[in-house]
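Novice: Please see the structure below; I have some questions.
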Amino acid sequence: MSKVLVCVAWPYANGVIHLGHMAGSILPPDIFSRYNRLLGNEVMMVGGSDQHGTPITVSAEKEGVSPEVIADRYHEINKKAIEDMEVEYSLFTKTHCDNHIEVVQDVFLKLLENGYLTTHESNQYYCPQCSKFLPDRYVEGICPECGAQKVRGDQCDACGKTFETGDLKDAYCVHCHSAPEIRPTEHYFLKLGDLNDRLLDYLAGKEWWRPNVRSFTTNWLKDGLHDRAITRDMEWGVPIPMEGWDSKVIYVWFDAVIGYLSASKEYSQIIGKPDYWKEFWMDPEVRHYYFLGKDNIPFHSIIWPSILMAYGGLTLPYDIPANEYLMYKGGKFSKSRGGAIDMPTVLSKYDPDIIRFYLSMVMPDTHDSEFSWEDFQTKVNTELVGNLGNYYHRCLSFTRKNFGSVPQSEGVSAEISKAIADAFSEYRSCMDGCDFKKAIKVVMELSHFGNRYFDSMKPWALVKTDKDACGKVLYDNLAVVKALAIMAWPFMPKASERIFSFMGLSDLEGCGYAAIDVAPVSGTELADPVPVFSKVEVPKEILDAEKGILDGKAEEPKKKEKKEMVTVSDGPFKDFRKLDIRVAQITSIEDHPDAEKLYLMKVDVGEERQIVAGLKAYYSKEEMLGRKVLCLYNLKPAKLRGQRSEGMLLAADDEEIGGSTVLLLKPSADVPNGTKMNCGMDSSESRIEYKDFTNAILKVGSFKDGKVNVGDVLDVDGDSLPERIAVVVEDGKAVPVSDGNGCYATVDREITDGANVR
């Protein structure tokens, strides 16, 4: 048995958590924790509410209450939603409590003693009317770059310009509207530069980290690390344990990550073993996993390890499986985008196991993924209910009706044993690597196998002619049912426990994965089963709202759109014909003002368009600027983190087939911007949804001797194609993506054959 520490990013206590929080950083660690518990490992899973920082004070002032009232309100709401989702922390605590404050102050003093803190003066806005320094959110003015009004003190949301103190024109205090002064203020800084070499040594060889985590961390380290302020001029937060610093607090980013340590100590006190935390934090053999969203990567891959190194004697993160974003209608989650998606509302309508299943299926593990109510309804009803739920019920109900107990058999057949063993081996590999989306798909594939096996053996006919033989068939099926229930428990715990009880079994967690190898015991009485999953029906008004409005304009009527598409979709490659792919050139590129992982680009595609793309982890700005690329020209515009995106760059991605490479497609020849790359076929002029793009099968493979290897070796027309080529595949046929005149879609360097284009 091993010990495992599971650390969960702290949701901010300034609002109600939603599906994006759950899919990104709360559900994944619970799945991993449950997986380790089934293995027999000793798990401590900690986290809580991040209760400090300016947004909470802003909300408090608007309501005329103390920050603590706001923070505790949302802590209780979110804590209940998390519990209702069957997420089991060892401790879900909060940062505004005596224990956390004590631990943070201890870390501060230890870093000061060890020489890793220093003080510097910096300029900041000061309001003489309010007699206080003003955080960024408390200062507004006019953007000196674009002239936008009511811009906050650090950044313009309109043009993306970031500011130093004093840059804003006509700055004013948001409380009293008087003009602030600029005054020097002293703060403590963490001396990150002194830890640069140790960090590089620590990061070397972390090949098991996800590509986005490695790339994001590497980019931060390129220019070297600099001192970073860890205190602020505020009253709400952890007090600085030094005389003369009463008007300042410890910065929330420094305070929050220490919560993993403080929560471990608090949990140890609660269970009556005050030193229990040391078994997890002072043993280098214990692996620490940190689950979070991609915007938190540097705080966990650089800042937190730096703090731990500076403190000394504490275990560093083993893995940081950061997720991307779960998107809704091309943008971040919010109620205003149509449909209630906060967790309490969703839980009031749908069973938690159903929500857990769907979020596992669309989990944004290595790429942003899209949530839709239509897809939720489809996947739940067809896969969860129609596949897994149907298999559970048909096996148990038929066996109960005809035998009453587990039938007699000499053991599980070789075919079934192999199917279970192969599935469990693949499942374990996925779960060990925190690849939960693939793991749940392995479970569903085993369920599909079970349904096919059940159908092929026809027990409804066999029971009439040879009941003993029928019993052996059902015995095999019950072995599959039991394996499925155990493997599905980390994802859907309540349903799995009910299936266990129907089989006359108990304590699924105590039995663990070892029970998969234990054959069902003949004669065990079966309970009368009922279906554990029910079909869902999303209200029509929510489905309609999901298809409704973008940038204030209603979508084109469905009938008109379908009619336009039909004219170009007759004949072969009808899904590909819906796509309008064109050559583009990147003419400008900058960081997205509100998303650390996104680029904001202008491209020349025969006309200028703006595109938002999540390529920071794979390409530098220098590599992108001036580059020729392929653009999906007729994708409907969408808002991505507040910025309009008018198309999509196409890239080869081999993650689904076991790789970790993303390469932009490019034309093989220097053709004019705007050149269509539709293989000479007629293409649609209608705007399409992203799901329409995914219907077409585009892959990248290696070309040799008139054939292209895209996992399958297929014939292609042409004898002088690029060494690596993108093709559209349909019915065993492959057609190179081209302009029809000798220019082909290719990539810069080698990638796994069969890489998908996304």
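The values are calculated or read from the model by the stated rules, or taken from the named source; none is laboratory data. These numbers come from a predicted model, not from an experiment. Here the Cβ is made from the backbone with ideal geometry for all residues, glycine too, and neighbour counts use every protein chain on show. Each accessible area value is taken on the protein alone, full model and side chains, heavy atoms only, with ligands, DNA and RNA left out. Shrake-Rupley method; radii C 1.70, N 1.55, O 1.52, S 1.80 Å.
Novice: Are there any pairs with C-beta distances below 6 angstrom linking a residue in the range 206-234 that is free of Cβ contacts under 8 Å to residues at least 60 places away in the same chain to a residue that is open to solvent by 30 Å² or more (accessible area, probe 1.4 Å) and among the hydroxyl-bearing types (Ser, Thr, Tyr), with the two at least 6 apart or on different chains, and if so which?
Specialist: Within 6 Å, the pairs are Thr231/Tyr251.
Novice: Taking the range 3-15 on its own, how many of its residues are modelled with pLDDT of 95 or more and surrounded by fewer than 23 Cβ atoms within 10 Å (Cβ to Cβ)?
Specialist: Number satisfying all stated conditions: 2.
Novice: While we're looking at this one, here's another question. Take the residues of the range 130-160 that are charged (D, E, K, R) and touching a residue at least 40 places away in the same chain (Cβ under 8 Å): which is nearest to Asp591 (Cα to Cα)? So that I can check it myself, show each step before the final result.
Specialist: To start, the set of residues in the range 130-160 that are charged (D, E, K, R) comprises 132, 136-137, 140, 145, 150, 152, 154, 157.
If we keep only those that are touching a residue at least 40 places away in the same chain (Cβ under 8 Å) as well, we get 132, 136-137, 157.
On the way: Lys132: 32, Asp136: 20, Arg137: 21, Asp157: 12 Å.
By that ranking, first place goes to Asp157.
Novice: Hey, can you tell me all the residues within the range 487-514 that are within 18 Å of Pro531 (Cβ to Cβ), assigned to a helix (DSSP H, G or I) and of a type in the set (Phe, Trp, Tyr)?
Specialist: Within the range 487-514, Phe500, Phe502 meet the criteria.
Novice: Is it the case that the range 685-704 has a residue that's out of contact with any Lys or Arg (no Cβ under 9 Å at 6 or more places or on another chain), buried (at least 19 other Cβ atoms within 10 Å of the Cβ), assigned to a loop (DSSP other than H, G, I, E, B) and modelled with pLDDT of 85 or more? Full working, then the answer.
Specialist: Let us first name the residues in the range 685-704 that are out of contact with any Lys or Arg (no Cβ under 9 Å at 6 or more places or on another chain), namely 685, 691, 697, 699, 704.
When the remaining residues are screened for being buried (at least 19 other Cβ atoms within 10 Å of the Cβ), the result is 699.
Next, from what is left, pick out any that are assigned to a loop (DSSP other than H, G, I, E, B): none.
Looking through the range 685-704, none of the residues is out of contact with any Lys or Arg (no Cβ under 9 Å at 6 or more places or on another chain), buried (at least 19 other Cβ atoms within 10 Å of the Cβ), assigned to a loop (DSSP other than H, G, I, E, B) and modelled with pLDDT of 85 or more.
Novice: Would it be correct to say that Asp654 is open to solvent by less than 50 Å² (accessible area, probe 1.4 Å), closer than 29 Å to Val362 by Cβ and not polar (S, T, N, Q)? It would help to see each step written out before you state the result.
Specialist: Details: open to solvent by less than 50 Å² (accessible area, probe 1.4 Å): yes; closer than 29 Å to Val362 by Cβ: yes; not polar (S, T, N, Q): yes.
When the stated conditions are applied, Asp654 passes them.
Novice: For the range 193-205, give me the residue count where each residue is over 26 Å from Ser122 (Cβ atoms), open to solvent by 50 Å² or more (accessible area, probe 1.4 Å) and either assigned to a strand (DSSP E or B) or in contact (Cβ under 8 Å) with a residue 40 or more places away in the chain (or both).
Specialist: Number of matching residues: 1.
Novice: Shifting gears a bit: Under the condition of being of a type in the set (A, V, I, L, M) and open to solvent by less than 20 Å² (accessible area, probe 1.4 Å), which residue from the range 358-408 is nearest to Leu446 (Cα to Cα)? Explain how you work it out, then say what you get.
Specialist: Of the residues in the range 358-408, the ones of a type in the set (A, V, I, L, M) are 359, 361-363, 380, 384-385, 388, 396, 406.
Retained after the next criterion (residues that are open to solvent by less than 20 Å² (accessible area, probe 1.4 Å)): 359, 362-363, 380, 384, 388, 396, 406.
Details: Leu359: 19, Val362: 19, Met363: 20, Val380: 17, Leu384: 13, Leu388: 9, Leu396: 17, Val406: 21 Å.
Among them, the one singled out is Leu388.
Novice: Follow-up. The conditions are (1) at pLDDT below 95; (2) open to solvent by less than 20 Å² (accessible area, probe 1.4 Å); (3) under 26 Å from Trp209 (Cα atoms), and Cys434 fails exactly one of them. Which is it?
Specialist: Of the numbered conditions (1) at pLDDT below 95; (2) open to solvent by less than 20 Å² (accessible area, probe 1.4 Å); (3) under 26 Å from Trp209 (Cα atoms), the odd one out for Cys434 is (1).
Novice: Could we say that Tyr125 is modelled with pLDDT of 95 or more, outside any helix (DSSP H, G or I) and open to solvent by less than 30 Å² (accessible area, probe 1.4 Å) here? Quick ask: steps written out before the conclusion?
Specialist: Details: modelled with pLDDT of 95 or more: no; outside any helix (DSSP H, G or I): yes; open to solvent by less than 30 Å² (accessible area, probe 1.4 Å): yes.
Spelling it out, it is not the case that Tyr125 is modelled with pLDDT of 95 or more, outside any helix (DSSP H, G or I) and open to solvent by less than 30 Å² (accessible area, probe 1.4 Å).
Novice: Test Leu630 against the stated conditions and say whether it is assigned to a loop (DSSP other than H, G, I, E, B), touching a strand residue (DSSP E or B) at 6+ places or on another chain (Cβ under 9 Å), at pLDDT 85 or above and surrounded by 16 or more Cβ atoms within 10 Å (Cβ to Cβ).
Specialist: Details: assigned to a loop (DSSP other than H, G, I, E, B): no; touching a strand residue (DSSP E or B) at 6+ places or on another chain (Cβ under 9 Å): yes; at pLDDT 85 or above: yes; surrounded by 16 or more Cβ atoms within 10 Å (Cβ to Cβ): yes.
So Leu630 fails the test.
Novice: Can you say whether Gly680 is over 26 Å from Arg577 (Cβ atoms), out of contact with any Lys or Arg (no Cβ under 6 Å at 6 or more places or on another chain) and either at pLDDT below 85 or of a type in the set (Val, Ile, Thr) (or both), as far as the supplied structure shows? Even if it seems obvious, please write down each step before you answer.
Specialist: On the way: over 26 Å from Arg577 (Cβ atoms): no; out of contact with any Lys or Arg (no Cβ under 6 Å at 6 or more places or on another chain): yes; either at pLDDT below 85 or of a type in the set (Val, Ile, Thr) (or both): yes.
Here the answer is no, as Gly680 does not meet what is asked.
Novice: Restrict the check to the range 44-54 and report whether at least one residue is at negative phi, open to solvent by 10 Å² or more (accessible area, probe 1.4 Å) and of a type outside the set (D, E, K, R).
Specialist: No, because not a single residue in the range 44-54 is at negative phi, open to solvent by 10 Å² or more (accessible area, probe 1.4 Å) and of a type outside the set (D, E, K, R).
Novice: Right, here's the next one. Could you check the range 212-287 for helices (runs of 4 or more DSSP H) lying wholly inside it with 3 or more residues that are over 30 Å from Ala613 (Cα atoms) and modelled with pLDDT of 90 or more? Break it down into steps so the answer makes sense when it comes.
Specialist: On the way: elements: 252-257, 259-270, 276-281.
In the range 212-287, the matching helices (runs of 4 or more DSSP H) lie at 259-270, 276-281.
Novice: So, one more: From the list Ala263, Ala256, which one is closer than 23 Å to Gly24 by Cβ, open to solvent by less than 30 Å² (accessible area, probe 1.4 Å) and touching an Asp or Glu at 6+ places or on another chain (Cβ under 8 Å)?
Specialist: Numbers: Ala263 fails: touching an Asp or Glu at 6+ places or on another chain (Cβ under 8 Å).
Every option except Ala256 fails the conditions.
Novice: If you take the residues in the range 611-626 that are touching a residue at least 12 places away in the same chain (Cβ under 8 Å), under 30 Å from Val735 (Cα atoms) and not hydrophobic (A, V, I, L, M, F, W, C), which one is most open to solvent (accessible area, probe 1.4 Å)?
Specialist: Result: Tyr618.
Novice: How many of the residues in the range 168-192 are of a type in the set (Ser, Thr, Tyr) and free of Cβ contacts under 8 Å to residues at least 60 places away in the same chain? Give the steps one after another, and end with the answer.
Specialist: To start, the set of residues in the range 168-192 that are of a type in the set (Ser, Thr, Tyr) comprises 172, 178, 185, 188.
Subsequent filtering for residues that are free of Cβ contacts under 8 Å to residues at least 60 places away in the same chain retains 172, 178.
Looking only at that region, the number is 2.
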